[in-house]
1. Report yes if Asn55 is open to solvent by 40 Å² or more (accessible area, probe 1.4 Å) and modelled with pLDDT of 85 or more, otherwise no.
2. Quick one: is Gly31 outside any strand (DSSP E or B) and out of contact with any Asp or Glu (no Cβ under 7 Å at 6 or more places or on another chain)?
3. Restricting to segment 98-157, and then to whatever is hydroxyl-bearing (Ser, Thr, Tyr) and farther than 25 Å from His16 by Cβ, can you tell me which residue is modelled with the lowest pLDDT?
4. So if I check each of Phe71, Phe82, Phe35, which one is under 24 Å from Leu10 (Cβ atoms), touching a Cys at 6+ places or on another chain (Cβ under 6 Å) and at pLDDT 90 or above?
5. Is at least one residue of segment 87-94 modelled with pLDDT of 90 or more, under 18 Å from Ala163 (Cβ atoms), in contact with a helix residue (DSSP H, G or I) (Cβ under 8 Å, 6 or more places away or on another chain) and surrounded by 14 or more Cβ atoms within 10 Å (Cβ to Cβ)?
Amino acid sequence: MTSSPIPVDLFVSKKHPGLTGADLGFADASGNVTFRLNRQSSPKSKRLFLDSTGNPLISIYRYRNGSWQGFTGEDDQKQCIFRVQRTVNKLTRTELEVFLVGENGEDSASMLKVKGCPFQKSCTIYRGNDIVAQTSLMYKLRQLYAKRNKFRLTIFPGSDDHALVAALVVIFLD
């Protein structure tokens, strides 16, 4: 997806048509699944982030020290594109620092921060003081409690890599 002049909403759920098992889908306003997360059981706790046609975009690995790494394609033999470290992990608040990896393999300064509450499926992704994206539960009129099985990801203008933003939301919720 390319940068849009207006915010883009993706609806996140395990119940989109065409998803299997524990897949998590990101659908556009028309209901078309644009991204899909496939959880694979492996020693490194691998998640495979796919596009709408099933092509691997990002392989996400979780390590025992609480950090994550994202690689292009299907395995960790490809180029590392980001590293994520949890900086705050409290019951009501979680914060992540995201380090984008340059062409030479070195981490940049912390480029993105993710802050929010995983239980409420609520987080905000910042680049400096600018909001890149936000998640929120899907409320309906006359509904006291919002269901937590479906939520909205709003990506604001200026974000070129929607797949990276969606992958960060997956890491935040994990």
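The values are calculated or read from the model by the stated rules, or taken from the named source; none is laboratory data. Because the structure is a prediction, the values reported are computed rather than measured. All Cβ positions, even for glycine, are placed from backbone atoms using ideal geometry, and neighbour counts span all protein chains on display. Areas reflect the complete protein model, heavy atoms only, side chains present, ligands, DNA and RNA absent. Shrake-Rupley method; radii C 1.70, N 1.55, O 1.52, S 1.80 Å.
1. yes
2. Working: outside any strand (DSSP E or B): yes; out of contact with any Asp or Glu (no Cβ under 7 Å at 6 or more places or on another chain): yes.
In short, yes.
3. Ser110
4. Every option except Phe71 fails the conditions.
5. No, there is no match, as no residue in segment 87-94 is modelled with pLDDT of 90 or more, under 18 Å from Ala163 (Cβ atoms), in contact with a helix residue (DSSP H, G or I) (Cβ under 8 Å, 6 or more places away or on another chain) and surrounded by 14 or more Cβ atoms within 10 Å (Cβ to Cβ).
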